[in-house]
Amino acid sequence: MVPIEERIRQLKKEKNAVILAHNYTSPEIQDLSDYVGDSLGLSIEAAKTAADIIIFCGVSFMGETAKILNPTKTVLLPEPDAHCAMAAMCTGEQLKDFRESDPDCIIIGYVNSTAESKKEMDLCCTSSNVVKVVNSVKGKDVLLVPDMNLGAYAASKTGMDVKQWRGFCPIHHGITVTQVAELKRKYPDALTMAHPECRKEVLDLADHVGSTESMVNVSKDSECKEFIVLTEVGMRYRLEKESPGKTFHFLDHAVCTTMKMATPESVLNSLETGRGEIILSDDVLSGARDPLARMIDLS
């Protein structure tokens, strides 16, 4: 019997498929993938791929983003029910209502949002380029959706009065000052890295605040041998892989089970049957493309 991994490699070649995976996915999925990265890196890879089929291992907004950037390609989400809790906290209808109440406000949307929401935005951003994106509309009224913590972070870095939505990532928002203080007490020599989806009071305790990709780069370049990492625990695998010999401490409860849903078996099933194809209306595809293209231009 042909091993699953070998069968996946065969089908990828036969069907001209590429596998993209987020940093929070399981080690088995990361090892199977052609590219592993954060939301910005994945968006850029999706935009430039020559593959006919994109297998997206992550959550549904990521697959939708890949489809928006590649409307003529087939995009498959191995686990169709892998939906991001934060993305569900802001709908397209809510943004339409906001636009009617405040037509002059620039709506900047975190890429962690649904395709329907993106259609109603002026620009998209990721945690990697949110400061650059917000600065690009300096002097304008700005609403940042859906993550209130990312909005607060952008406001602190740009000096702008950024209106914030009431959304949040349950994993990052659940990290508390008390938990971080205990880690710092246990590992006093560790450099602390935090994702900007964390609360402001948690970010204030960090030595570095940035996207998961920036954490990879900081850990590689730093002379420190020990790190406290305030993000989802799936990052441990890539950090240890790319910075061998260094130690990374996480909060064990910071687990996004949705990001772990994709398995080699579900990837193989998608390749064999086309399960999980992302289908979006022409209206959504056309309306959401410009905000995403502007985000990539500002990367």
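Values quoted throughout were computed directly from the atomic coordinates according to the rules given, and no laboratory measurement underlies them. Keep in mind that this is a model prediction, so the values were computed, not measured. Every residue, glycine among them, receives a Cβ derived from its backbone with ideal geometry; neighbour counts consider all protein chains shown.
Overview of results
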item	result
Order by protection proxy (mean Cβ within 10 Å, highest first), peptides 10-20, 73-83	73-83, 10-20
nm² value of the averaged projected area, convex hull over the Cα atoms of the chain	15.6
Largest-first principal axis extents, alpha carbons of the range 87-168, Å	29, 23, 18
Members of Lys13/Lys48; Lys67/Lys140; Lys157/Lys186; Lys15/Lys67; Lys132/Lys184 lying beyond 27 Å, as alpha-carbon distances in this model show	Lys67/Lys140; Lys157/Lys186; Lys132/Lys184
